[in-house]
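Student: Below is a structure I'd like to ask you about.
The values are calculated or read from the model by the stated rules, or taken from the named source; none is laboratory data. Everything numeric in this text was worked out from a predicted model, so none of it was measured. So basically every Cβ, Gly included, is an ideal-geometry build from the backbone, and we count neighbours across all protein chains shown. SASA here: full protein model, heavy atoms, side chains in, ligands and nucleic acids out. Shrake-Rupley method; radii C 1.70, N 1.55, O 1.52, S 1.80 Å.
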Amino acid sequence: MGENPRIGIRPVIDGRQNGVRESLEDQTMDMAKNVAALFSSELKYSDGTPVECVIADGTIGRVAEAAACSEKFRNNNVGVVVSVTPCWCYVSEVIHYDGEVPQAIWGFNGTERPGAVYLAAALAAHTQKGMPAFGIYGHHVQDADDKTIPEDVREKLLRFARAGIAVAQMKGKSYLSIGNVAMGIAGSIVDPNFFQEYLGMRNEQVDMTEIIRRVNEGIYDKEEYEKAMAWTRANCMPNEGEDFNRPEKVKTREEKDADWEYVVKMRLIFEDLMTGNPKLRELGFKEEALGHNAICGGFQGQRQWTDHMPNGDFPEALMNTSFNWNGPQEPFAFATENDACNGVTMLFGKLLTNRAVIFADIRTYWSPESVLRVTGQPLEGGAAKGIIHLINSGSCSLDAAGQMTNAEGKPEMKHFWDVNEDDIKATLGATTWYPANRDYFRGGGYSSNFLSKGGMPCTMMRLNLVKGLGPVLQLAEGYTVDITPEQHKVLNERTDKTWPTTWFAPRVTGKGAFKDVYSVMDNWGANHGAIAYGHIGADLITLASMLRIPVCMHNVEEDTIFRPSAWRAFGMEPEGSDFRACKNFGPLYK
């Protein structure tokens, strides 16, 4: 889907020649080189390749040099910009005039030259011109010959760059709806204005009958299908679970085998629709080979499809998993029930972490008292204050099982480039594929089932659309937790026991929406949520501010929140100023 966006680094300098500028050239350019080295060594794109940087050909002291840098950035697909300086500069001549590109400025905290003074003046200019920028200023004074990047500066640079690259990777891509609105869910009523104005994305749509056409007419890679089917027979079909359907609804063995073959073809077709497939061109299907340039998508499924055809649980789950029959793969952000609001939130999580993201119903809050009443056992450890049951039949990534482990032996949802054969084997071994509940899914199919291991740090998040306000983001950091096998059996069997379960305990603060676990559930804005590995709330808040999406609910420590400096002009209360600033500046691509 084209080349990855780059980060542009602008070394800006005092333009006065004959002594001043010459004395600053090396220091200023070294700052730019050090920032570029930091980004390329620490950050990766979602495909696993290192983030690339483009540095201006020379320092920028006057407007002609700023214009030349802008042209270089346009020619090199720069989507994020960082300016660095140890000194005073001529503000309006050297700032970068592009209101649609996330920008940050690092002003060196030194005494020899007024880098902080330029930083303040440049941020004021950005604010005045309606191009909010992030200001970065080290806590401690550095000597002029100190080439290190202080830890607090480093943290802000990386947070800005992670979010900025996410913004740039979304721009110009598509959200693909396969189908339309599922069961009246508002999140699957796709709003093209939101995608265009806030994300810089377009919306593509194909009817679900396109899947039937491609299956019936053989519009898929037959060799790849045979490979995928052999892998499925070896790794998934042996883990087919008991059929809990009523006898009259149980399919024959031949029908079940046919369902397996169909859902594997669906998985291939989903990917072909999203990103295209050059093999289809070789087979004579030139139009179908193109795909829809989609970075995110969703499948309606219910009910027009699932009342008659095998459900999408298997292909959806494998779309969102960090491996397939070819080994490790970059996971997609692919929403069940075509819940585009949740799909976008999954995309935010994926781009910020480069890991798979869980799609789930925010199904049930279980209080300690309720668990004790129905199981006879108390909740303990991380679950002691209550738990939220995350469960859905559909596109939950298999990574969520927590069977992959890090160097300390703890469960982890890994970057796909770190996934090994043992991880894949363990994950598949922990996953049961139950014949679909045909009261829900009349056409059959298969639903994944596993139990997430406890102890994984994660962030539950959701984007909602509010009439008159626009998009808002909410998030809750917490952990997956373990409960006893006896407790899990009782609680799980009170819902659909053929679906995957994650027990989640948010970090509570005793105040507001995080007064307790019940309050988190009570304040959640929709039926679905996206759950990313790691505590990424601060990164999400930075990303949301770039897109002008206010955050209505979070449990992130205040001193880690990093928004454009302009937000401070909208009041001293952080959340209120966020709403006012986002409304004032409007969506990024207005």
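Student: Applying 1/(1 + (r/R0)^6) with R0 = 41 Å to the Cβ-Cβ distance of E240 and R202, what FRET efficiency is obtained, to the nearest 0.05?
Tutor: 0.55
Student: Apply the a/c threshold of 1.5 to the C-alpha gyration tensor of the range 381-443 and tell me whether it is rounded, prolate or oblate.
Tutor: Verdict is oblate for the range 381-443.
Student: Give me the percent of accessible area attributable to carbon and sulfur for the range 174-585, probe 1.4 angstrom.
Tutor: Roughly 48 percent of what the probe reaches on the range 174-585 is carbon or sulfur.
Student: Additional query: Say each of T495 and A569 gets a label point 7 Å from the Cα, pointing the same way as Cα to Cβ; how far apart are those two points in nm?
Tutor: Each label point lies 7 Å from its Cα, and together they span 4.6 nm.
Student: By how many nm would the segment from K44 to S370 lengthen if fully extended, with 0.36 nm per residue of separation less the alpha-carbon distance?
Tutor: 112.9 nm
Student: Moving to a separate point now. Please give the contour-minus-distance gain from Q17 to K249: 0.36 nm per residue of separation, less the Cα-Cα distance, rounded to one decimal in nm.
Tutor: The Q17-K249 span can extend by a further 75.1 nm.
Student: Which distance in nm do the two modelled labels at V63 and W417 give, with both placed 7 Å along the Cα-to-Cβ direction?
Tutor: With each label point 7 Å from Cα toward Cβ, the separation is 4.2 nm.
Student: Classify the range 461-561 as rounded, prolate or oblate from the Cα gyration tensor: take a ≥ b ≥ c as the square roots of its eigenvalues, call it rounded if a/c is under 1.5, otherwise prolate when a/b beats b/c and oblate if not.
Tutor: Note, shape of the range 461-561 comes out prolate.
Student: Where a ≥ b ≥ c are the square roots of the eigenvalues of the C-alpha gyration tensor, would you call the range 102-178 rounded, which needs a/c under 1.5, or, failing that, prolate if a/b is larger than b/c, or oblate?
Tutor: Note, shape of the range 102-178 comes out oblate.
Student: Under 8 Å for C-alpha pairs, at least 6 residues apart: give me the relative contact order for the chain, rounded to a whole percent.
Tutor: Relative contact order for the chain comes out at 13 percent.
Student: May I pose another question? Counting DSSP beta bridges with both partners in the chain, what percentage is antiparallel, nearest 5?
Tutor: Counting DSSP beta bridges with both partners in the chain, the antiparallel share is about 55 percent.
Student: As a quick test, which of the pairs K385/K453; K129/K583; K129/K467; K44/K414 have an alpha carbon distance above 23 angstrom in this structure?
Tutor: Pairs exceeding the cut-off: K129/K467.
Student: I'm spelling it out carefully: the read-out is Cα extents along the principal axes in Å, the candidates are [x] 76, 68, 57; [y] 90, 62, 48; [z] 98, 49, 44, and one was derived from this structure. Which label?
Tutor: Read-out from the structure maps to [y].
Student: For a quick protection proxy, order the peptides 52-60, 508-516 by their average other-Cβ count within 10 Å, most packed first.
Tutor: Descending packing order for the listed peptides: 52-60, 508-516.
Student: If you don't mind, there's one more thing I want to ask. Roughly how many Å² of E271 are accessible to a 1.4 Å probe, to the nearest 10?
Tutor: Rounded to the nearest 10, the figure is 60 Å².
Student: Can you give the extra length, in nm with one decimal, that the chain gains between E557 and K467 once fully stretched, where that is 0.36 nm per residue apart less the Cα-Cα distance?
Tutor: Value of the extension gain: 29.5 nm.
Student: If you don't mind, another one. What is the distance, in nm, between label points placed 7 Å from the Cα along the Cα-to-Cβ direction at H139 and at H308?
Tutor: Distance between label points: 6.3 nm.
Student: With runs of 4+ DSSP H residues as the only contributors, calculate the mean residue ellipticity of the chain at 222 nm using -39,500 (n - 2.57) per run, divided by the residue total and rounded to the nearest 500.
Tutor: Value at 222 nm, helices only, nearest 500: -10500 deg cm²/dmol.
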